[in-house]
Amino acid sequence: MADANIGLQIADEYIIEEKIGKGGISTVYRASQFRLKRPVAIKLLHDHLVNYHFFKRFCREAKVACTLNHAHIITVFNFGQTKEGKLYMVMEFVDGEPLSAVLRQGSRNIDGMRALDLMAQAVGAMAHAHARR
């Protein structure tokens, strides 16, 4: 089944190109910001969750995320609601292997120093985010 969001234009500035991940409340897409000619990631809240409660939660998440500036935290550029009612968040696109894929390969394939480095990055990012609260 084709994804209806592929090709969707958002805020007269972005066009969704392909799905790169899906979670419990949202789907993330690779998109292009055509004015600046750069790739971005766009998170769209699942349509069935667009209600007052999730709208407030999504906006709060976006506003907090926009204030974070850390090497191991994705930069959020913009957020809003489309004229069709879809809630979106525009983020920095980082090409690479997701941590979940690295972890699925099995802990036997990750040496101790690599595991320590990954944990240090995650803990540093979390500490930064919690310090900004």
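Some values worked out for this structure:
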quantity: Complete set of residues in region 77-114 that are out of contact with any Lys or Arg (no Cβ under 9 Å at 6 or more places or on another chain), assigned to a strand (DSSP E or B), open to solvent by less than 60 Å² (accessible area, probe 1.4 Å) and without any contact (Cβ under 8 Å) to a residue 60 or more places away in the chain; calculated: none
quantity: Members of region 23-76 found to be loosely packed, with under 12 Cβ neighbours inside 10 Å and among the β-branched types (Val, Ile, Thr), listed by number; calculated: THR67
quantity: Matching entry among LYS56, LYS86 (being modelled with pLDDT of 90 or more and basic (Lys, Arg)); calculated: LYS86
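The values are calculated or read from the model by the stated rules, or taken from the named source; none is laboratory data. Values in this document were obtained by computation on a predicted structure and should not be read as measured data. Glycine gets a Cβ as well: all are built from the backbone with ideal geometry, and neighbour counts include every protein chain shown. Protein only, heavy atoms only, side chains kept; ligands, DNA and RNA dropped before computing areas. Shrake-Rupley method; radii C 1.70, N 1.55, O 1.52, S 1.80 Å.
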